[in-house]
């Protein structure tokens with residue numbers, strides 16, 4: 001933790017303070033006021049104080065920057081200081097203030113301060129939460145069926161948090177489930193998380209026992225070893241003379257995107273999630289005797305803190321092919337000028353209708369994935385996420401090492417087992433162990 005005695009923070013200074021590997025803070029221009037910069041890039045205001053109710057100094061969050069600017073942070077710090085002088089404990093006051101909020105009011109503050117990318121929430125997660133709360137909590141929808149359903153239960157958005165009961169939510173959950181069981185499950189999980197992250201009080205009214213939740217079909221499709229080889233054969237095709245990508249192959253198959261094909265091959269050889277690989281930068285690739293990638297975050301990194309993953313020889317080979325192509329091919333789809341932001345990314349985005357894409361990296365290779373499956377003779381529809389299931393299943397087939405698989409995926413062994421389809425395999429082995437006949441299987445006699 002790096003301390004500094006610098007004062008007189010301005011918005012310009014706060015805006016330009018860089019993120020480092022470790023969190024650090026700058027002291028504000030009022031006793032106890034602190035401006036923290038986190039490794040994720042998030043910047044927050046805190047007020048440190050002492051209370052007779054606690055042995056050690058306490059910190060109270062004043063909000064994130066730039067939502068809360070320098071002037072407002074200073075006002076908040078002075079107001080808290082006066083409250084403490086008057087004998088009011090900020091923590092107890094916070095609890096009282098939060099519990100007196102209406103759910104809708106609290107959710108809007110939650111959107112602004114907590115449910116943000118700087119707090120390590122994925123963009124898709126943020127969209128999903130808001131898309132779920134919109135119609136079912138705020139009743140912001142033109143869907144007449146949803147409006148008719150929510151009219152049957154109490155309008156929770158105008159209920160104080162202290163007055164919401166499990167029965168109220170269960171009624172909402174049930175009518176939501178009558179329209180979409182999956183959405184009802186998401187509604188419950190998102191509200192449960194909101195309460196735990198924002199309200200932080202016991203007796204969470206949004207917790208449901210498992211027996212009341214709706215069953216969901218888990219997506220478990222994957223490429224078997226033979227299918228995997230066919231897809232990889234079409235994803236990475238090189239020119240025999242140059243060793244670079246053979247563009248005639250990609251143009252000859254309904255204009256396959258060579259960048260997306262390379263990304264799909266990398267997904268299949270690493271087992272990483274699509275939203276981790278699409279934004280992968282060259283400075284995150286660490287070559288050498290133990291080649292690896294270092295990610296900014298993963299879906300599970302908050303819990304297990306694992307951000308670095310070893311690369312196998314085929315994954316390294318794919319990166320080396322890309323490097324050779326981008327450095328030795330004037331028409332490479334992987335190279336952009338040094339002043340172009342896309343130059344930093346391993347899988348850069350292309351120009352769209354002669355205009356540069358706002359996002360500098362590939363978003364998702366769904367279209368290319370479907371084309372690859374088709375030309376590889378795989379007719380069933382598969383999600384791009386099946387690349388992770390494919391890696392896990394084929395890893396298990398070759399090693400039977402669940403611990404090593406969990407390490408490679410960055411998951412628990414229980415989750416790795418689900419990815420690798422161990423349940424179905426174990427059940428088949430169990431069936432085959434049953435002795436249905438006394439000795440050997442009798443020969444079938446043809447009846448004429």
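Would you check which residues across the range 27-61 are within 25 Å of residue 109 (Cβ to Cβ), part of a strand (DSSP E or B) and modelled with pLDDT of 85 or more and list them?
Answer for the range 27-61, where residues must be within 25 Å of residue 109 (Cβ to Cβ), part of a strand (DSSP E or B) and modelled with pLDDT of 85 or more: 33, 34, 35, 36, 37, 43, 44, 45, 46, 47, 48.
Step by step: first the residues of the range 62-108, then only those that are within 28 Å of the chain's Cα centre (by Cα) and either surrounded by fewer than 16 Cβ atoms within 10 Å (Cβ to Cβ) or at pLDDT below 80 (or both), then the one that is farthest from residue 163 (Cα to Cα). Which residue is that?
66
Quick check: anything in the range 330-352 in a strand (DSSP E or B), modelled with pLDDT under 90 and closer than 19 Å to residue 250 by Cβ? Give the steps one after another, and end with the answer.
Quick first cut of the range 330-352, residues in a strand (DSSP E or B) only: 345, 348, 352.
After this cut, where a residue has to be modelled with pLDDT under 90 as well, the list is 352.
Okay, now just the ones that are also closer than 19 Å to residue 250 by Cβ, so 352.
Among the residues of the range 330-352, at least one is in a strand (DSSP E or B), modelled with pLDDT under 90 and closer than 19 Å to residue 250 by Cβ, which makes the answer yes.
Residues to consider are 296, 275, 254; find the one that is in the same structural domain as residue 367 (by TED's automatic domain parsing) and more than 26 Å from the chain's Cα centre (by Cα).
On the way: 296 fails: more than 26 Å from the chain's Cα centre (by Cα); 275 fails: more than 26 Å from the chain's Cα centre (by Cα).
Of the residues listed, the single one that is in the same structural domain as residue 367 (by TED's automatic domain parsing) and more than 26 Å from the chain's Cα centre (by Cα) is 254.
Give the number of residues within the range 148-177 that are without any contact (Cβ under 8 Å) to a residue 60 or more places away in the chain and either surrounded by fewer than 13 Cβ atoms within 10 Å (Cβ to Cβ) or not in a helix (DSSP H, G or I) (or both).
Number satisfying all stated conditions: 10.
One line per residue, one yes/no per condition, for (1) at pLDDT below 85; (2) closer than 30 Å to residue 61 by Cα; (3) within 27 Å of the chain's Cα centre (by Cα):
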site: 188; (1), (2), (3): no, yes, yes
site: 200; (1), (2), (3): yes, yes, yes
site: 210; (1), (2), (3): yes, no, yes
site: 221; (1), (2), (3): yes, no, yes
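May I ask you to say which residue of 412, 393 is over 30 Å from residue 332 (Cβ atoms) and either touching a strand residue (DSSP E or B) at 6+ places or on another chain (Cβ under 8 Å) or modelled with pLDDT under 85 (or both)? Quick ask: steps written out before the conclusion?
Details: 393 fails: either touching a strand residue (DSSP E or B) at 6+ places or on another chain (Cβ under 8 Å) or modelled with pLDDT under 85 (or both).
Going through 412, 393 in turn, just one is over 30 Å from residue 332 (Cβ atoms) and either touching a strand residue (DSSP E or B) at 6+ places or on another chain (Cβ under 8 Å) or modelled with pLDDT under 85 (or both): 412.
Could you check how many residues of the range 292-312 are at pLDDT 90 or above and more than 15 Å from residue 271 (Cβ to Cβ)?
1
Among (1) modelled with pLDDT under 90; (2) assigned to a loop (DSSP other than H, G, I, E, B); (3) under 25 Å from residue 223 (Cβ atoms), which single condition is residue 272 missing?
(1)
Just name the residue that is farthest from the chain's Cα centre (by Cα) out of those in the range 223-232 that are touching a residue at least 12 places away in the same chain (Cβ under 8 Å) and part of a helix (DSSP H, G or I).
Filtering first and then ranking leaves 230.
For the range 247-280, name all the residues that are in contact with a helix residue (DSSP H, G or I) (Cβ under 6 Å, 6 or more places away or on another chain) and without any contact (Cβ under 8 Å) to a residue 40 or more places away in the chain.
250 - this is the single residue of the range 247-280 that is in contact with a helix residue (DSSP H, G or I) (Cβ under 6 Å, 6 or more places away or on another chain) and without any contact (Cβ under 8 Å) to a residue 40 or more places away in the chain.
The values are calculated or read from the model by the stated rules, or taken from the named source; none is laboratory data. From a predicted model like this one, the values you see are computed outputs, not experimental measurements. As a convention, Cβ positions derive from the backbone with ideal geometry for all residues, glycine included, and neighbour counts pool all protein chains shown.
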